[in-house]
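*Asks:* Below you'll find the structure I mean.
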Amino acid sequence: MALKRITPGLRDTTLVTLKHKFYTDIDLSFVAKIGTVQEDGIRRGDLYKKTDVAAIEQSITTILLTNRYEKPFNADFGSNLRSMLFDPISSGSESMIRQLITSSIKEFEPRVEVLEVVFFDAGAEKTVPKGASSLTYWGMPQSSDRFTLVIILSLRILNTNEVISIDVNMNRLR
């Protein structure tokens with residue numbers, strides 16, 4: 001950002017300043033900080049905040065783990081992943097779910113750009129190949145790990161051009 005300052009009787013000067021935008025969100029665990037004791041004897045504190053990369057990680061995780069119609073007064077928020085993952089009859093291919101994740105993040109998180117989405121099947125202990133017809137290997141023996149899928153996202157923060165990696169665990173409970 002450049003600022004041109006003109007002082008009467010003197011020469012023109014141009015000052016160049018950098019404007020760094022900090023990202024802050026409320027920590028969704030809603031844990032209160034230890035505050036000071038007020039005059040009524042009650043200790044009051046503020047909520048913790050997530051800043052910069054931690055705020056973006058929390059936001060991405062919230063977007064991916066929220067189904068449509070789950071958030072009151074904003075029915076379109078979320079990615080609707082839980083409704084289509086882990087369904088043995090699901091026709092959701094790897095490329096279709098990758099596109100769903102990318103479009104959801106693009107719509108609800110304007111601070112980042114998605115570079116890559118990789119799926120890791122914890123039960124099979126290997127990544128799901130690109131173009132697979134299903135994200136889980138249903139022919140494998142069933143165990144408690146068979147119902148865990150890890151989504152590994154590579155993202156670029158637009159403000160700083162920093163590249164980060166976020167792991168989001170999707171678990172089926174029953």
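*Asks:* Quick one: in segment 21-55, which of the residues that are touching a residue at least 40 places away in the same chain (Cβ under 8 Å) and assigned to a loop (DSSP other than H, G, I, E, B) is surrounded by the fewest Cβ atoms within 10 Å (Cβ to Cβ)?
*Replies:* For segment 21-55, the residue satisfying everything is Lys21.
*Asks:* Would you mention how many residues in segment 73-112 are at pLDDT 80 or above and in a loop (DSSP other than H, G, I, E, B)?
*Replies:* 12
*Asks:* If you go through segment 56-73 one residue at a time, how many are without any contact (Cβ under 8 Å) to a residue 60 or more places away in the chain and of a type outside the set (Lys, Arg)?
*Replies:* Quick first cut of segment 56-73, residues without any contact (Cβ under 8 Å) to a residue 60 or more places away in the chain only: 58-59, 62-63, 66-73.
If we keep only those that are of a type outside the set (Lys, Arg) as well, we get 58-59, 62-63, 66-67, 69-70, 72-73.
Adding up the residues that qualify gives 10.
The values are calculated or read from the model by the stated rules, or taken from the named source; none is laboratory data. This one's a predicted model, so the numbers in the text were calculated from it and none came from an experiment. Cβ sites come from the backbone with ideal geometry, for glycine too, and all protein chains shown count toward neighbours.
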